[in-house]
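Worksheet for the structure shown next.
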Amino acid sequence: MPTRSTSSSSIARASAPPNIALVKYWGKRDSILNLPAVDSISVCLEGPRTLVELAPSSCLRVGWNGDRLPEGLLPPYRRLLSHLLGPLCALDVQVTTALPVAAGLAGSAAAMAALAVAASSLADRPLHTHQLSAAARLGSGSAARSVPDGFAYWQRGSDPLGTDSFATSFAGPDHWPELRICALLLETGPKTVSSTEGMIRTATTSPLYEHWVASTNATAPRVRDLILQRDLQGLERLVLPQAMLMHAICMAASPPILYLSRRSLDLLSKLQDILPRDHWFATFDAGTNPIFFTLDSHLGQLESVLSELAPGVPLLISRAGPGARLEAGPGEF
Ligand code: PMV
């Protein structure tokens with residue numbers, strides 16, 4: 001667990017949670033502005049939150065858990081900051097996070113959402129949550145959904161400049177108190193293919209891509225309604241198939257993109273044999289780690305089966321939580 005930075009020179013601090021998609025974002029209609037081809041839906045996790053601190057600097061510098069990021073990784077930070085503060089954006093950005101990098105657990109989404117909120121406090125006018133969400137999107141698409149609280153709907157929009165492409169909360173963190181979200185950390189290394197490269201390759205080569213776009217845009221409003229009704233069984237019928245369709249279009253790309261591993265698929269099929277279908281459902285981001293949704297009353301059973309099938313593998317258990325927010329002094333985070 002990294003140590004929290006307590007920089008006394010910081011002029012703005014904000015924190016944000018990871019978000020887990022129940023309807024996946026995959027495919028861009030504009031890859032600079034991160035404008036999506038599809039609507040998507042997610043829930044912010046209660047923890048662990050990522051902290052971003054800003055301090056004055058002579059140029060843009062970004063540190064990630066104390067390690068300086070190379071220049072080649074700075075364009076998304078520069079895009080986000082220059083959108084909010086103008087083209088100079090000479091700042092020292094320190095990111096402190098306990099999330100594994102690029103493991104499909106929304107580590108960059110949390111960082112970009114926190115960065116948007118911290119940077120907006122330096123701007124000369126206050127911004128609405130939807131403007132902060134659109135700004136976070138410039139750093140990493142899915143970051144748009146780590147800004148609003150609880151359950152978020154990211155509308156793809158149609159404006160070429162993206163003014164109508166942002167996420168809004170449709171249910172707060174307390175909407176479904178019994179819901180538990182559990183990430184099984186089978187692997188914590190970086191993805192084999194980055195999501196940006198994967199999205200471009202899928203859109204340009206996968207014969208299933210057009211079907212994916214139409215199907216996802218029809219599924220998203222249905223998933224939102226099922227969340228509003230707290231209908232775990234209804235969600236079980238839609239969420240994993242939609243995630244598997246994302247993996248299917250990736251597998252059908254040329255060359256194929258394979259995010260799931262034999263281990264994750266074996267585990268899924270054993271769980272399907274053991275656990276009653278109406279007690280849980282799973283999803284996979286662009287990685288091998290399954291994320292389970294269940295209710296508090298079934299959590300013990302899920303934990304005990306997972307500890308037998310995947311002994312020693314960390315299980316991160318969370319619930320719905322608030323989105324990005326400004327933090328006060330270093331001692332108060
Ligand atoms: O925000 P990006 O570019 O890292 O894309 C993330 C896409 C998925 O995590 C695979 C799905 C999603 O909607 O979060």
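Computed from the coordinates by the stated procedures, all read-outs in this text should not be read as laboratory data. Nothing here was measured: the structure is a model prediction, and the numbers come from that model. A quick note on method: Cβ atoms are made from the backbone with ideal geometry, for glycine too, and the neighbour counts reach across all protein chains shown.
Between helix 195-205 and the chain there is an angle of about 60 degrees, using the helix long axis and the longest principal axis of the Cα atoms.
The order of the peptides 16-27, 226-237, 43-54 by mean Cβ neighbours within 10 Å, most packed first, is 16-27, 43-54, 226-237.
Spin-label model, H128/Q229: points 7 Å from Cα along the beta carbon direction are separated by 3.0 nm. Helix 262-274 against the longest principal axis of the chain: what's the angle in degrees, Cα atoms only, rounded to the nearest 10? Computed tilt is about 50 degrees. Full extension of the segment from S304 to R325, taken as 0.36 nm per residue of separation minus the current Cα-Cα distance, would add 4.1 nm.
Summing +1 for each Lys or Arg and -1 for each Asp or Glu among the other residues whose beta-carbon sits under 12 angstrom from that of T202 gives +1. Decide, for the chain, between rounded, prolate and oblate: order the square roots of the alpha carbon gyration tensor eigenvalues as a ≥ b ≥ c, take rounded if a/c falls under 1.5, and otherwise choose prolate if a/b is larger than b/c, else oblate. Since a/c reaches 1.5 and a/b is larger than b/c, the shape of the chain is classed as prolate. Summary of packing: across the peptides 252-258, 216-222, 91-97, the per-residue average of other C-beta atoms within 10 Å ranks them, highest first, as 91-97, 216-222, 252-258. Here each label is just a point 7 Å from Cα along the line to Cβ, and for S57 and D278 those points are 5.4 nm apart.
Ranking Q229, G300, F170 by Cα position along the charge dipole of the chain, where only Lys, Arg, Asp and Glu carry charges on their C-beta atoms, puts F170 farthest toward the positive end. Compared with the dominant principal axis of the Cα atoms in the chain, helix 107-120 is inclined by about 30°.
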